[in-house]
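The values are calculated or read from the model by the stated rules, or taken from the named source; none is laboratory data. Since this is a predicted model, take the numbers as computed values, not measurements. All Cβ positions, glycine included, derive from the backbone under ideal geometry; neighbour counts span all protein chains shown. Side chains are part of the model used for accessible areas, which takes the heavy atoms of the whole protein and leaves out ligands, DNA and RNA. Shrake-Rupley method; radii C 1.70, N 1.55, O 1.52, S 1.80 Å.
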Amino acid sequence: QVPLVESGGGLVQAGGSLRLSCRVSGRTVRYMAWFRQAPGKEREFVASIRWSGGHTYYADSVKERFAISRDSAKTTLYLQMNSLKPEDTAVYYCAEGTGTILSMASNPRGYNYWGQGTQVTVSS
């Protein structure tokens with residue numbers, strides 16, 4: 001299996017920006033998404049994108065600050081994160097859903113392939 005590979009995490013001050021990247025597998029997918037998990041918390045939805053049409057969906061906590069996108073060749077998924085807050089600190093995961101339906105686009109169970117995660121730390 002071709003793994004998903006995330007990159008771009010790091011340490012940033014509050015108010016700063018980071019861009020995460022995820023090299024996709026090449027499988028035929030319906031949705032791709034970013035999730036995050038902070039220590040002691042459940043994995044939570046951040047953003048998703050319908051791979052063919054490009055429609056995007058966001059968690060309320062990141063709307064107007066984060067943007068999910070893909071390159072035109074559909075080889076890389078991105079998450080542009082602006083105005084970062086300390087509560088954005090988490091491990092961020094890229095996910096592929098080969099059979100995801102819209103109602104499951106924000107649910108981790110809607111995705112069947114995951115990257116290893118990349119740490120994002122926002123200092124106050």
Residues that are in a loop (DSSP other than H, G, I, E, B) and closer than 14 Å to Val122 by Cβ: does region 92-106 have at least one? no
Filter region 10-20 for residues that are touching a Ser or Thr at 6+ places or on another chain (Cβ under 9 Å) and either buried (at least 18 other Cβ atoms within 10 Å of the Cβ) or β-branched (Val, Ile, Thr) (or both) and give the result. Val12, Leu20
Single residue of Gly53, Gly97 found to be in contact with a helix residue (DSSP H, G or I) (Cβ under 7 Å, 6 or more places away or on another chain) and either more than 21 Å from Pro3 (Cβ to Cβ) or among the small types (Gly, Ala, Ser) (or both): Gly97
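Just to check your reading of the model, which residue among Val2, Val62 is within 27 Å of Gly99 (Cβ to Cβ), among the aliphatic types (A, V, I, L, M), open to solvent by less than 70 Å² (accessible area, probe 1.4 Å) and not in a strand (DSSP E or B)? First the steps, then the outcome.
Numbers: Val2 fails: open to solvent by less than 70 Å² (accessible area, probe 1.4 Å).
Every option except Val62 fails the conditions.
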Selection from region 25-59 of residues outside any loop (DSSP other than H, G, I, E, B), open to solvent by 10 Å² or more (accessible area, probe 1.4 Å) and not polar (S, T, N, Q) yields Arg36, Glu44, Phe45, Arg50, Tyr57, Tyr58
Inspect region 110-124 for any residue being under 18 Å from Tyr31 (Cβ atoms), small (Gly, Ala, Ser) and crowded, with 16+ Cβ neighbours inside 10 Å and give the result as yes or no. yes
Find the residue count for region 55-87, including only residues that are farther than 19 Å from Thr118 by Cα, of a type in the set (D, E, K, R) and touching a residue at least 40 places away in the same chain (Cβ under 8 Å). 1
Residues of region 79-109 satisfying the condition of being open to solvent by 40 Å² or more (accessible area, probe 1.4 Å) and under 15 Å from Phe66 (Cβ atoms): Gln80, Asn82, Ser83, Lys85, Glu87, Ser106
